Amino acid sequence: MSQTVTPYLEMSQAIMEAGGEALKKCYQCGTCSGTCPWTPITHFNIRKLVRYGQLGLDGIEDFMWGCSTCRFCVERCPRGVEIIDIVTAIRNVYSGGGMLPQSLRAFVGSLSARGNPWSGDPDRRNDWAKEKYPVYAPGMDYLFWTCCTVCYDPRNTRLAKAAAEILNLAGASWGMPSLDVNCCGESLRKVGDAELFERLKAKNLDYFKAQGVSKIITVSPHCLASFDEDYGADFEVVHLSELMAKWIQEGKLVPKKDFGGLTVTYHDPCYLGRHSKVYDAPRDILKALPGVTFVEMERNSEESMCCGGGGGGLWTEKAKGERLSDLRIEEAMGTGATVLATACPYCITMFEDSKRTLNVDEQIQIRDVTELVLESLEISIDEPVGDACAV
Amino acid sequence: MSFEPKILGIACNWCTYTGADLAGTTRLQYPQNIRVVRVMCSSRINPSFIFRAFQLGADGVLIGGCHPGDCHYNTGNLYARRRLAVTKKILEFSGMEPGRFRVEWISASEGNRFAEVVREFTEQIRDLGPQTKFKISQ
Amino acid sequence: MSRIGVFVCHCGLNIAKTVRVSELAEFAATLPDVVVAKDYKFMCSTPGQEMIANDIKEHRLDRVIVTACSPLMHEQTFRKVLAASGLNQYLLSIVNIREQVSWVTHDIDEGTAKAKALLNGAVRRARLLAPLTSRVIDVNSDVLVVGGGIAGIQAALELANTGKKVYLVEKNSTIGGHMAQFDKTFPTLDCSACILTPKMDSVLQHKNIQLMTSCEVSEVKGFVGNFDITIRQKARYVDHTKCNACLACTEKCPGKGVSEWDEGLVKRKAIYIPFPQAVPQKPVIDRDACTFFKKGKCRLCEKVCEQKAIDFEQQDTFTTVKVGAVIVATGYDLMDTRSLIQYGYGKYPGVYNALEVERLFNSAGPTGGKVTLRDGKEPQAIAILHCIGSRDKNNYEHCSRVCCMYSLKFAHLFKEKTSADVYQFYIDMRAAGKGYEEFYNRIIEEDVKFIRGKGARVAQSADEPDRLVVEAEDTITGKFIKLPVDMVVLSPAIIPRGDAKDVARLFNLSTDKYGFFMERHPKLAPLSTMSEGVFIAGVCQSPKDIPDTVAQAYGAAAEALTIVVKDKLELEATTAMVNPASCCACQNCVRVCPYGAPFFNETKGVSEINEALCKGCGLCASVCPPSAIIARHFTNDQVLAEMEGLLEF
């Protein structure tokens, strides 16, 4: 890269027009980069990305994909800059120029062709349910929104089933979407493909409207945040953990199984915590499980570390030593916990991967809070895992 | 020609009028449909002023005073608050669209807020269209 | 029939850029009763004023309308022109086409149209204006100063030196304020106590100053020239008229309280003077720390007091003083940074705030001026974090103005008193002030390390558990820094006193969005407030350094003097009056008036208004069912006529 540059304000203008208006506010104090979990371990530097954007400079192609949109910087920014909007806008402007990295091309391609990021057959979206669970019909209280990841990813179909069982046990009136929906598009929007995102969103909204959906339950905080922040429609969205906490408190769900001193720690998914401000519900649940010793990691709640799976990170390959999920597992094991609980299918995927590559299968289990609740109710999902996998 | 609403503002000298001045000093832009009458205190505002304004053809009336508890005359705006609440009810009872009358507490340091309220209110009145309910044709 | 003159100001291009001023003057000429209409570049200039004066004579004008800036700006200027031309000053109307027209639009058509409507309203109103006679009142020549920090001390001394009587009210048991807590002052590094204590002593000695420590203003009545101020003397449990300041009591006292003076770093006795140079040098008892008050026995202080000055029965007392003007100089607090969890204040003992560090440097402080950590060890590495909670939209958006400079001072003192490495984590270095840039240069040469990047996090070191780690990005190299240190100094936002809201309410002050007191005009009336006769000085207005604070104190003293130097004062004539013929004797006016101005005359069977008490808000006029009360200068007819004019176009 040449040392001499000329600011290219047309580029900066394009970024602002693509939603990165906040570029103007930044005074480069470095709070974002000092806060960002990636700064210490990769060459990604969020402050620099914003600076390059301000001046419209080239040379960010190789690191602009580093951001996992964890929102830590946004919360701390003294100028109130919506940094994620800038990242999204920059990616939008650049991916429009064909700069999408290889790993993300498959992801975008699958969303474009099949409406989900996992190259799953759209007709088999509900195969995990084995026709055991109801499809939403007008008049039901809740639409249980099944994230693509829990429909198609073999590890996460367990989560879908656990959620469905719990909804039944709590006596909720609910149904899952028919095949007329597609991915919520949250990660895709963060990757910068605004156009395709709008297409996916429109299809979902059509379905919600046609079915008269007014309340949605999600298991993925990404769908939750997207419906809340990006859809702009007037339905109520709630994360299953919030409902479970309420049901346990009301006595609708009564955890029975004694976990016998199992030490559990909890990882706040960025999109449930910082994006949606749900910190207490999952903790209340874990503390209500008989025989569970709940411990906190040093970085928790508002200060929680990111797993690296947001903002397209789930579909991007990272070198060893540059994975936040590895660090997070190490931090979890440092507390003495043998279960790392979380409440997000992306986090689960990231941690399951890290657990394998770190070779700590024996030391720690990765569980969704929903799965632990189901276990405490002494129900097991007895089908072999992976059966419903349509990948 | 598009509809340009006439909006009457009545502002207290100490808070909202000064806030409006601050909006000017800091060069904030807002629509020019509002014309402000200055009174010393929002408590000076007799409900008849508001009815008269609508008779005279105002499409909207915006009242501004100090934040409750911060009145320059200690308790004046508390009386104003109650009186204007009743005025609003009477207006609604007599068939006036509720959106045409608004009371806002804007302090002397809130130039931003003044500009924002005027922008919002003007838009709202624009959407409501011309006021004909009370207007006396000349 | 009246004869109205309309004078349209261009204000250079300020107005003329977005209002067609000559068209506006031509329009004015077509309005009823307008006999002359002119526009001119600067109406407030001498030629502009002369033009108005000449036209008043030449055209025998009986009403004047100036179409220019806000009435809050120049109403008084033009009233004087009328008065000098023999016209009653209340026959003036100002049309605000600058702040409320030309400055808030870019569109000259819109601007001109709105200006016309406003002017039309003013003409309608002007025709109904009536001449009014100003009230003249006697002025009390004493002054109240609230707050005994450097601002209050300086203002009190200045006024007292002119021969005026000053009541200096301070809520703590000593005067001195934050400045008395400092060791050195930037950029000269002169000793704070050396320059402050002589002034504190002068206050005590001054025959014209009545020093009222452990006191708070509890009620304010009256108005400019004639305030009645009620002051609460908090119980000290020591009779200061008897106490001879031997301080034997403080030696014997077994009670322990938290030393506010040392920012809670150490304990003090329950009967105490805050620091050795305190003024007055007489102790007070901290009720919450006193063994007797807590357990019902002890009274050791009483036993050792030969003067019999200890009085456990003492109660709060109230006195009322009459003053003509007030200076409010209540100072500031530091933001409580415990809410910023990322910096670990209150969690890690090695994290200090700026005032605590001031005390560590001070030879009268908890460590006798030695820089040691809470465990007594000397720090080997120290990080100073700028802009903690200030310049931060999540907390306080304002710049606290003095932190850059005191952080440099800290760096110097750390270098002088320890062998530690000193790091500054900053966003921008702001060294605007006399000798400040030079001071910055000096500190750079003292080998202080400057890291351009806001401190992002303070954590416990993983390798050395008794040390801390500061995390930040050095934005110059783009590298992430993890710096092991022993001590972290936070420079927190400077914010208004916790009770600033109450003070604002007492004196009817406006506050800005942070709670600092608002000045009447940001440029031209920085010490006056919206309350006539109440002035502000020092950090209670906004963060500032000692020189600026002292300068403001002088200024506020001069402002107060302009009032109390006079025997008589002219007050606004815009009061309310009752037309007895229409009064229905309902007494609504008597019930609602915040000042008790209306009263019911039993003999006549009607309400009347004591004009000396009336402040002209007009509340009574709008609650008067038969409209018997007339709010002068804002009569129903005048307001309605203006509205009619405004809505005509």
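The values are calculated or read from the model by the stated rules, or taken from the named source; none is laboratory data. Owing to the predicted nature of the structure, the values given are computational and were not obtained by experimental measurement. Cβ coordinates were reconstructed from backbone atoms using ideal geometry, including for glycine residues, and neighbour counts include every protein chain displayed.
Looking at the structure I just gave you, is residue C:543 within 30 Å of residue C:404 (Cβ to Cβ) and in contact with a Ser or Thr (Cβ under 7 Å, 6 or more places away or on another chain)? Judged against the criteria, residue C:543 is a match.
Restricting attention to region C:36-58, does a residue exist that is within 14 Å of chain B (Cβ to nearest Cβ), crowded, with 23+ Cβ neighbours inside 10 Å and either assigned to a loop (DSSP other than H, G, I, E, B) or of a type in the set (Val, Ile, Thr) (or both)? Give the derivation first.
As a first pass, look at region C:36-58 and keep what is within 14 Å of chain B (Cβ to nearest Cβ): none.
No - not one qualifying residue is present in region C:36-58.
Would it be correct to say that residue C:400 is touching a strand residue (DSSP E or B) at 6+ places or on another chain (Cβ under 7 Å) and either at pLDDT 95 or above or at negative phi (or both)? When the stated conditions are applied, residue C:400 passes them. Evaluation of residue C:394 against the conditions (1) surrounded by fewer than 16 Cβ atoms within 10 Å (Cβ to Cβ); (2) at positive phi; (3) touching a Pro at 6+ places or on another chain (Cβ under 8 Å) shows that the sole unmet condition is (2).
Between A:163, A:137, A:172, A:106, which is farther than 20 Å from residue A:271 by Cβ and in a helix (DSSP H, G or I)?
Details: A:163 fails: farther than 20 Å from residue A:271 by Cβ; A:137 fails: in a helix (DSSP H, G or I); A:172 fails: in a helix (DSSP H, G or I).
After applying the criteria, what remains is A:106.
Of the helices (runs of 4 or more DSSP H) lying entirely inside region A:1-67, those containing at least 1 residues that are more than 14 Å from chain C (Cβ to nearest Cβ) span A:9-15, A:46-55. Against the conditions (1) farther than 20 Å from residue B:111 by Cβ; (2) within 14 Å of chain B (Cβ to nearest Cβ); (3) touching a residue at least 12 places away in the same chain (Cβ under 8 Å), residue C:96 satisfies every one except (1). Scanning for something under 30 Å from residue C:432 (Cβ atoms) and in contact (Cβ under 8 Å) with a residue 60 or more places away in the chain, does region C:110-123 turn up at least one residue? No; the residues of region C:110-123 include none that is under 30 Å from residue C:432 (Cβ atoms) and in contact (Cβ under 8 Å) with a residue 60 or more places away in the chain. Residue A:209 meets the conditions (1) under 25 Å from residue A:313 (Cβ atoms); (2) not in a loop (DSSP other than H, G, I, E, B) in every case but one. The failed one is (1). Inspect region C:491-498 for any residue being within 25 Å of residue C:343 (Cα to Cα), β-branched (Val, Ile, Thr) and within 14 Å of chain A (Cβ to nearest Cβ) and give the result as yes or no. No, because not a single residue in region C:491-498 is within 25 Å of residue C:343 (Cα to Cα), β-branched (Val, Ile, Thr) and within 14 Å of chain A (Cβ to nearest Cβ).
Identify the residue in region C:637-649 that is surrounded by fewer than 20 Cβ atoms within 10 Å (Cβ to Cβ) and within 9 Å of another protein chain (Cβ to nearest Cβ) and, among all such residues, is nearest to the chain's Cα centre (by Cα). Ranking the candidates gives C:644 first.
Restricting region C:122-138 to residues that are touching a strand residue (DSSP E or B) at 6+ places or on another chain (Cβ under 9 Å) and closer than 17 Å to residue C:615 by Cβ, the residue that is surrounded by the fewest Cβ atoms within 10 Å (Cβ to Cβ) is C:136.
Test residue C:575 against the criterion of being under 22 Å from residue B:15 (Cβ atoms), polar (S, T, N, Q) and within 11 Å of chain B (Cβ to nearest Cβ), and give yes or no. Spell out how you get there, then give the answer.
Numbers: under 22 Å from residue B:15 (Cβ atoms): yes; polar (S, T, N, Q): yes; within 11 Å of chain B (Cβ to nearest Cβ): yes.
Here the answer is yes, as residue C:575 does meet what is asked.
Among the conditions (1) more than 11 Å from residue C:489 (Cβ to Cβ); (2) in contact with a Gly (Cβ under 7 Å, 6 or more places away or on another chain), residue C:367 misses just one, which is (2).
Among the residues of region A:50-77, the ones that are under 23 Å from residue C:482 (Cβ atoms), crowded, with 23+ Cβ neighbours inside 10 Å and over 23 Å from the mean Cα position of the chain (by Cα) come to 1 in all.
Look at region B:16-37 and say how many of its residues are more than 7 Å from chain C (Cβ to nearest Cβ) and either free of Cβ contacts under 8 Å to residues at least 12 places away in the same chain or closer than 21 Å to residue B:68 by Cα (or both).
Keep residues of region B:16-37 that are more than 7 Å from chain C (Cβ to nearest Cβ), which gives B:16-17, B:19, B:22, B:26, B:31, B:33-34.
Then keep just the ones that are either free of Cβ contacts under 8 Å to residues at least 12 places away in the same chain or closer than 21 Å to residue B:68 by Cα (or both); that gives B:16-17, B:19, B:22.
Looking only at that region, the number is 4.
Per this entry, residue B:57 is not counted among residues that are of a type outside the set (Val, Ile, Thr), under 19 Å from residue B:37 (Cβ atoms), within 14 Å of chain C (Cβ to nearest Cβ) and buried (at least 24 other Cβ atoms within 10 Å of the Cβ).
Is it the case, given these coordinates, that residue C:375 is assigned to a loop (DSSP other than H, G, I, E, B) and either closer than 24 Å to residue C:414 by Cβ or small (Gly, Ala, Ser) (or both)? Yes; evaluated as a whole, the condition is true for this residue.
Filter the strands (runs of 3 or more DSSP E) completely within region C:400-475 down to those with at least 1 residues that are surrounded by fewer than 21 Cβ atoms within 10 Å (Cβ to Cβ) and in contact (Cβ under 8 Å) with a residue 24 or more places away in the chain.
On the way: elements: C:421-426, C:449-452, C:457-460, C:468-474.
The strands (runs of 3 or more DSSP E) meeting that bar are C:421-426, C:449-452, C:457-460.
Restricting attention to region A:26-65, the residues being at positive phi and modelled with pLDDT of 95 or more number 2.
Cβ-Cβ distances below 6 Å connect the following pairs, each with a first residue in region C:179-204 that is touching a residue at least 24 places away in the same chain (Cβ under 8 Å), a second residue that is polar (S, T, N, Q) and surrounded by fewer than 20 Cβ atoms within 10 Å (Cβ to Cβ), and a separation of six or more residues or different chains: C:197/C:277.
Scanning region C:520-532 for residues that are under 30 Å from residue C:188 (Cα atoms) and under 9 Å from the mean Cα position of the chain (by Cα) turns up at least one hit.
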